[in-house]
1. Which FRET efficiency value, to the nearest 0.05, do you get for Ala170 and Thr75 by plugging their Cβ-Cβ distance into 1/(1 + (r/R0)^6) with R0 = 35 Å?
2. Each residue of the range 74-87 in order: what ³J(HN,Hα) in whole Hz does its phi give by Karplus 6.51 cos²θ - 1.76 cosθ + 1.60, θ = phi - 60°, with x for Gly and Pro?
3. With each label point set 7 Å from Cα along the Cα-Cβ vector, what nm distance links Leu68 and Asn160?
4. Longest exposed-loop-site-free stretch of the chain, with trypsin sites (Lys or Arg not before Pro), DSSP loop and at most 12 other Cβ within 10 Å?
5. Once the Cβ-Cβ distance between Leu253 and Trp54 is put in as r, and R0 is 30 Å, what FRET efficiency do you end up with, to the nearest 0.05?
6. Please report, in whole Å, how far the alpha carbons of the range 5-82 spread along each principal axis, starting with the longest.
7. Counting pairs of alpha carbon atoms under 8 Å apart in space and at least six apart in sequence, what relative contact order in percent does the chain give?
8. What residue among Ser38, Ser142, Ser66 shows peak mean-square fluctuation when the chain is described by a Gaussian network model with Cα springs under 10 Å?
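The values are calculated or read from the model by the stated rules, or taken from the named source; none is laboratory data. Note that the structure is a prediction, hence the values are computed from the model and not measured. No Cβ is skipped: glycine too gets one built from the backbone with ideal geometry, and neighbour counts run over all protein chains shown. Heads up: the accessible areas ignore ligands, DNA and RNA and are worked out on the full protein's heavy atoms, side chains in. Shrake-Rupley method; radii C 1.70, N 1.55, O 1.52, S 1.80 Å.
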Amino acid sequence: MRVGTGEKVLNYVILVLFAAYALFPILTIALTALGPQSGVTEPGPHWANIADAWRIGDFGAALTRSLLVAALVVTVALTLSILAGYAFGTMRFPGSTVLFYLFLLGLMVPAEAIVIPLFFDLRTLGLTDTIWAVAFPQIAQSVAFGTFWMRAQFRALPPNLVEAAAIDGAGGMRTLWRVVVPPSLPSIATVAVLMFMWTWNEFLIPLIMSPGAQWRTAPLGLAIFKGQYTADNALIAAAGVIIAAPIIVVFLLLQRYFITGMLEGAAKE
């Protein structure tokens, strides 16, 4: 079916409008971050704002803690999601449907509903103010979504892939890592980026699980920086750029796989 010139122009106009709507807040923060601080009259851009925000807010430690938590959550949750998704997507066993719906409860129950009783449980175990108290709840949340995502991916693969591997004598784990995972790398990269983004932006769990602030992550550092260290809009925007930079870097490194995975998901639907 041919698309007329008027329809093409209209499509581009709509896409440009939506892109401008999405980019406007980002450009606003970037321009504010490079603008003059209170009492400064020199014309910009003021790149020193980023260095000042880094020094005043001591974001190096907060970013390090966030990176450690994100690395732990993504590594463990992604591995468990691949294993669970492989089981649910390629195997049939008694109770698989009920067990899968139990996994989906992790998507249905909000963290706000369980974070307080979970805090008391972890405090009883002596885990509060540790990386485990911050990471374990987020691993559980990420595994629920990751299992749902990877199950759909593995079920969409041609069944003859697994059957051919079984005929060749390959075991379950060898079939998974040598046959099933390689063609699923775009979907795996997509869910890894999403897990990293959610873990990096998590605010409530680190706030509750680390009352002594030993594992205060980057979003918490930004909130404290805004209320305790400064009220200057330029410095606050610069701090926001610092906090968002790792997510942008991860997305740029994996964007090819991320976009491919999203398009594959849309095509399967």
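1. Details: r = 25 Å, r/R0 = 0.72.
Computed FRET efficiency for Ala170 and Thr75 comes out at 0.90.
2. Couplings: 5, 4, 5, 5, 5, 4, 5, 5, 5, 5, 5, x, 5, 5 Hz.
3. Roughly 5.1 nm, to one decimal.
4. Values: sites that count: Arg2, Arg92.
Within the chain, the longest run free of exposed trypsin sites (Lys or Arg not before Pro) spans 93-269.
5. Working: r = 22 Å, r/R0 = 0.74.
Once the sixth-power term is evaluated, E becomes 0.85.
6. Here the spans come out as 55, 54, 13 Å, largest first.
7. Values: 275 pairs, mean separation 84.4, N = 269.
The normalised contact order for the chain reaches 31 percent.
8. Of Ser38, Ser142, Ser66, the Gaussian network model singles out Ser38 as fluctuating most.
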